[in-house]
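Shown next, in structure tokens, is the structure this report addresses.
The values are calculated or read from the model by the stated rules, or taken from the named source; none is laboratory data. Not measured: the values here are computed from a predicted model. FYI the Cβ positions are ideal-geometry reconstructions off the backbone, even for glycines, and counts take in every protein chain you see. Just so you know, the surface numbers come from the protein's heavy atoms only, side chains and all, with ligands and any DNA or RNA stripped out. Shrake-Rupley method; radii C 1.70, N 1.55, O 1.52, S 1.80 Å.
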Amino acid sequence: MTRKAVLICPGRGTYNKPELGYLHRHHADKAALFASFDAARATLGQEEVTALDGATRFSVSKYSRGDIASPLIYASAVADAQSLAEDIEVVAVTGNSMGWYIALAAAGALTPQHGFDLVNTMGSLMQEHLIGGQLVYPFTGSDWRNDPHRKADLLQKVAEINAREGHVLSLSIDLGGLLVLAGDEAGLSAFEAAVPVVEDRFPMRLANHAGFHTRLQEPVAAAGRARLNAAMLQQPEVALIDGRGAIWQPGATDLAALWDYTLGHQVVEPYDFTRAVQNAALEFAPDLFIVTGPGTTLGGAVAQSLVHQNWQGLSDKAAFKTRQQKDLLLISMGDDGQRKLVVR
């Protein structure tokens, strides 16, 4: 029996110390795919992806860099997408932030190599410019129940800080029960000083992250358009859901508009991952939501996004956990126990 699935691709911050060796552990059969990625990196004088993955030592300062993390995450996720069991029918693909680039390849709108070139180029440009930074802050409690008033209050605070002279701060990613904010040092510091510490870790700065999905990235978007060729895009093979929740259909996608979004709006405007997941649920009614590796951190945001729309009666964290125990709805390929349920 075919299982209908929405495939979800992760963004930056998902290849961490536990993921070191991910390609070697799970994808020894994809040497040819990785060789082409390595060759592209070598041509640019960059360390090969397989060498990075095969290292014996992990350091946050190195592996959180855009020019290191991005190609590793891409290679892991695309290889996972190619490893799905034959009974899984992917009905739509989406992703979080950089995961949009991966989604383009997973949906067939880019070849695996063109997708790698896009990710490696944009990851390198982000690192070269490194304009601004990001932090994460929750607006829901431990029960995951939606709190729109709390969210509105926090976003109002963000707007007030952004209006101050010499301060830049705005929403970067709407991520389930989390707000990812981006800005300059003055804006980020002002927010940190204005909100209480939650769970002894929020607000949490993200190492080597720039001010993604804000106007701060206009120079990066322009550089990406100058270096990359729109002709690499092709009609997707399955539906794509972007960071606005908009759906790009196979055979009916305006490729020029898709390129403009990918290296325009997607880079410089807020990314609504929550809406992307919710629209995937409503429009495609999948049996499963499958999050590719590396890592498992995106699963919480997917679950919270579903809870916030009370999808299939998922009203809070407890309801979601009960559903998971009875009938798995969300599978993270970065989890070895769950992975085996969806791979060949």
How many residues does region 298-344 hold that are exposed (fewer than 15 other Cβ atoms within 10 Å of the Cβ) and either among the aromatic types (Phe, Trp, Tyr) or under 16 Å from Thr14 (Cα atoms) (or both)? 1
Does Val49 satisfy being under 22 Å from Trp100 (Cα atoms) and β-branched (Val, Ile, Thr)? yes
Looking at region 106-140, which of its residues are closer than 21 Å to Lys62 by Cβ and open to solvent by 60 Å² or more (accessible area, probe 1.4 Å)? Glu128, His129, Leu130
Is at least one residue of region 34-45 of a type in the set (Phe, Trp, Tyr), open to solvent by less than 30 Å² (accessible area, probe 1.4 Å) and under 27 Å from Val180 (Cβ atoms)? no
Mind checking whether some residue in region 7-18 is among the aliphatic types (A, V, I, L, M), in contact with a strand residue (DSSP E or B) (Cβ under 6 Å, 6 or more places away or on another chain) and surrounded by 20 or more Cβ atoms within 10 Å (Cβ to Cβ)? yes
Within region 48-98, helices (runs of 4 or more DSSP H) holding 3 or more residues that are touching a helix residue (DSSP H, G or I) at 6+ places or on another chain (Cβ under 7 Å) and within 23 Å of Ser36 (Cα to Cα): 49-53, 66-81
Of the residues Asp67, Asp143, Asp153, only one is surrounded by fewer than 22 Cβ atoms within 10 Å (Cβ to Cβ), at pLDDT 95 or above, farther than 25 Å from Gly300 by Cβ and among the acidic types (Asp, Glu); which? Asp67
Say we look at region 253-297 and pick out the residues that are outside any helix (DSSP H, G or I) and among the small types (Gly, Ala, Ser); which of these is farthest from Tyr15 (Cα to Cα)? Ala285
Say whether the condition of being under 14 Å from the mean Cα position of the chain (by Cα), outside any helix (DSSP H, G or I) and touching a residue at least 40 places away in the same chain (Cβ under 8 Å) is met by at least one residue in region 116-128. no
